[in-house]
1. If I fit a long axis through the Cα atoms of helix B:111-120 and take the longest principal axis of the Cα atoms of chain B, what angle between them do I get, 0 to 90°, rounded to 10?
2. Between A:Lys274 and A:Ser202, what is the FRET efficiency for a Förster distance of 22 Å, r being their Cβ-Cβ separation, to the nearest 0.05?
3. For region A:208-235 and region B:228-251, write down the distance between their C-alpha centroids in whole Å.
4. Roughly speaking, what is the stretch gain from B:Val234 to B:Trp404, that is 0.36 nm per residue apart minus the C-alpha to C-alpha distance, in nm to one decimal?
5. For region B:21-522, calculate the relative contact order in percent as a whole number, restricting contacts to Cα pairs under 8 Å that are 6 or more residues apart.
6. Using Cβ counts within 10 Å as a stand-in for footprinting exposure, how do A:Ser127, B:Ser91 rank, fewest first?
7. Output the peptides B:161-167, B:70-76 sorted from most to least packed, where packing is the average of other Cβ atoms within 10 Å over each peptide's residues.
8. Give me the three principal axis extents of region B:215-273 from the C-alpha atoms, as integers in angstrom, largest value leading.
Amino acid sequence: MKFFSKKSSKKPTRLFFATDLHGSERTYRKFINAGKFYEANVIVMGGDIQGKLLIPIIKESNGHHRATLQGRVEHMASQDELTALIGRLDTLGFYNKIMDEEEFRAISADPKAVDKLFHEKARQKLSDWVDLAEERLNGTGIKCFVTGGNDDEWDVLSAIKREGAQSLIACENEMVMVDDDHSMISIGISTPTPWNTPREVSEGELGKIIEAMAAKVPDMDKAIFNFHDPPKDSTLDTCPMLDWTKDPPTQIVQGGQVVLYGAGSQSVRAAIEKYKPMLGLHGHIHESQSVAKIGRTTCINPGSEYGEGILRGCLVNFVDGEIQGYQMTSG
Amino acid sequence: MATATARPEVFTRKASGLVRVMSPFSAFVYNILTMGLIFPWTYLWAPGALPGGKLVWGILLAMVIEIPIAFVYVWLSTALPRSGGDYVFQSRVFGGGTAFTVVMSGYVIWILQWVALSGWLLSYLGFAPLFLGLGATTGSAAMSGIGIWFTTSTGIIITSILNALVAALILISGFKNYVRFQTVMIVGTLLAFVTMLVVLFLGSPATSMAKIDSFALAVSGTQNFVQTAIDASVAAGVDLNPPFSLLATLLVAPIAWTSLQWATYSAQQNGEIKNARSFNSQVFIIVGSLIFTGILLAILAAGLEKAVGTEFLYVAGAGYWSGVGEATVAGFWLWPNIIAVALTASPLVVVIIGLGYILNSHQIVHNCYIGMTRVMVAMSLDRLLPEAISKVDEKRHTPANAHWAYFIASIPVILLYNLYPGWVGLTLGVTFACGYVFVITCLAGALLPYRAKDVYEASPGAKYKIGGVPLVTILGATGFILGGVMVMMFMLYPQLGLTSALAYWVVFGVLAFSAIWYFLVKNAQKSRGINVDYAFKEIPPE
């Protein structure tokens with residue numbers, strides 16, 4: 001039974017990849033600790049790091065608080081209950097702000113105010129995350145690379161680009177060396193989705209961006225393509241087909257059955273087939289955890305369960321442009 | 001720029017989302033079909049092996065015992081709403097060694113026996129009664145002959161292998177093709193079940209005996225079948241009017257559990273169920289389907305007693321359990337559907353019941369493949385099974401290799417089930433083996449608040465406590481004890497068929513094989529620098 005290929009005499013690099021944390025504090029903290037825990041030399045975050053929901057915790061006139069979580073209104077009478085709720089919101093990746101009734105009404109009535117609040121919370125969270133990475137990874141020798149995804153906004157993402165950062169490297173649209181031999185290029189934007197998310201481009205445009213990035217790679221045999229969008233029809237991208245004309249989009253049912261299809265990018269697939277990199281790291285489709293071989297390239301989507309506080313990821317061992325083995329994790 | 005919108009007391013922004021494909025109602029129906037309305041053992045095995053036991057009470061007792069177990073799965077499903085079910089639940093709480101050994105042995109290996117059972121059901125309870133019934137109602141000896149062929153070892157083996165192959169091909173061709181076919185199977189099964197209930201409740205012992213005599217005469221040429229069967233049963237020492245026995249009634253429950261323990265099977269596919277994190281949805285899917293099916297099975301038992309009387313059920317049981325040949329029709333045991341077919345003179349009703357049993361029998365092998373291939377893919381991704389098992393076909397989006405592996409593995413079990421003397425006695429071994437999987441999962445549920453605190457506290461069930469103790473802990477402990485008692489009954493009472501030397505060898509052999517496999521693979525991976533425990537271990541966030 002072959003689980004892994006032969007060992008090389010050279011010490012392999014161990015890379016840990018996770019993606020699509022969507023603001024979950026607990027999973028991010030696990031991600032930062034993953035390098036030490038799994039004895040990985042490099043940890044890579046593949047995008048979609050910004051949260052999707054902001055829960056107002058409304059302070060009532062009697063001093064109690066209430067919040068709507070997963071369709072239920074929860075009432076907190078004590079500080080302990082309030083602390084527990086904030087902990088759950090952090091796990092789920094939901095931002096929160098304590099406000100009184102008047103402030104809640106004012107913000108609710110003003111979409112710009114809601115938007116501003118989201119940006120403030122998201123930027124603050126990412127800034128805190130950089131601090132945490134710098135603190136915990138300092139002196140460990142573990143490199144941490146982070147890119148955005150289609151759900152992340154450009155101005156929010158700027159919070160992870162910090163001058164002088166030693167451990168956390170914002171790598172989007174950059175070519176970086178993950179060890180002495182292997183390079184990685186990272187692209188966070190995706191092709192259009194039914195949700196009309198902040199960072200989407202056409203297949204043609206994505207193809208051009210990939211070509212420009214590929215030109216920076218010194219040796220394709222030892223290259224990693226860290227592209228948020230998975231390759232089309234690769235099993236890393238299987239999900240229900242949706243009706244884009246509805247808001248929110250609804251699944252298409254034909255003959256009583258949900259239609260499944262590959263929602264990945266043709267441009268990403270074409271680039272992998274053309275350049276044959278060593279490794280493809282992808283995300284975007286949370287429910288499509290899978291590993292696929294496209295030619296010589298091992299492509300991985302570890303999926304995401306950030307809402308449960310679980311860090312899904314994948315450990316990959318490689319040396320001299322060869323994948324020695326990989327292992328899905330659920331930490 | 002994000003487009004942010006305000007909704008009542010929640011602010012959202014435009015972002016992509018996860019869409020799940022299975023509605024709670026579909027999952028509810030899926031569980032009902034998995035519980036197997038057609039599983040016949042309660043109605044023949046119990047009267048034969050457990051004189052004095054009350055069928056209806058035993059079925060309802062099994063349902064009541066399963067309720068706390070079902071609720072534990074509600075908690076676990078809302079806490080970990082992803083595919084993989086027991087393997088995921090147990091690995092999160094106990095780690096990989098326990099989860100792999102328990103699930104590999106109790107599910108993946110033992111359910112190969114269920115594939116064989118599905119083929120046996122299809123041949124013996126689907127095709128055979130259909131052709132026997134058509135032979136009897138149309139006077140065609142050729143039809144009866146075909147029916148008899150489906151009761152032979154050759155007929156059952158060929159049917160079983162084709163049954164497994166067809167299911168594998170349908171699933172490999174794409175899950176959508178299975179879903180399309182599932183609708184037909186659901187309608188056909190429910191129609192047959194309702195038809196059978198109507199036939200049974202319209203019957204009475206006073207009129208049924210003559211109809212059964214006529215059926216036996218048409219099928220096998222036996223005169224005065226009922227009286228002959230009664231006399232032979234009495235001569236064999238079978239008490240046709242035994243006094244009520246509490247122990248026998250209690251022992252009916254583990255047999256009825258063969259069906260009702262599957263109320264939790266939708267947990268294998270939580271990742272595809274809409275609102276899987278909703279407590280109410282999971283209660284409807286798991287507990288609702290359990291109670292619905294439990295009541296239906298109890299009604300079927302009541303219908304049988306109404307149609308032929310308790311005395312004749314002991315005669316039918318004597319044919320099965322005591323080997324009284326005169327209490328069979330041409331060697332064919334008197335299962336509930338055979339009795340229903342015998343009571344009707346309508347070829348249409350025979351066809352409806354026959355097709356329903358054929359469809360539900362075939363549905364069972366699909367359930368085996370769907371559930372087990374998902375577990376195998378998860379194990380492969382955890383590097384505990386070969387990498388090829390988790391390879392998914394790019395165009396059809398199905399784990400084709402896992403399906404082929406499971407089909408090939410099922411063939412020797414089909415042969416053993418139909419050819420090896422004594423193997424059929426292990427029929428309820430699947431109930432036992434899957435039972436210990438469910439019981440260990442109950443323990444995982446009980447320990448969830450302590451062993452996976454973060455996961456538990458983020459779940460909607462975390463707010464339910466009694467006296468400061470998490471309710472899932474109380475339910476899990478209750479389910480562990482009640483389910484554990486039923487599991488132990490299989491090992492202690494010969495009436496349940498697992499006390500032979502063969503049974504002990506198979507039960508402990510399968511467990512030992514799974515544990516040794518885990519140990520060997522873990523060490524093989526370790527020598528390559530991979531720690532398989534990483535697949536399950538939670539990273540401390542602080």
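Any read-out appearing in this document is the output of simple, stated calculations on the displayed coordinates, not a laboratory observation. Not measured: the values here are computed from a predicted model. With ideal geometry, Cβ positions are generated from the backbone for all residues, glycine too; neighbour counts draw on all protein chains shown.
1. 30
2. The pair A:Lys274/A:Ser202 has a calculated efficiency of 0.75.
3. Between the Cα centres of region A:208-235 and region B:228-251 lies a distance of 74 Å.
4. 56.3 nm
5. Relative contact order for region B:21-522 comes out at 34 percent.
6. Details: A:Ser127 13, B:Ser91 26.
Final ranking by Cβ density, sparse to dense: A:Ser127, B:Ser91.
7. So the order, starting with the most tightly packed, is B:70-76, B:161-167.
8. Extents along the principal axes: 57, 35, 13 Å.
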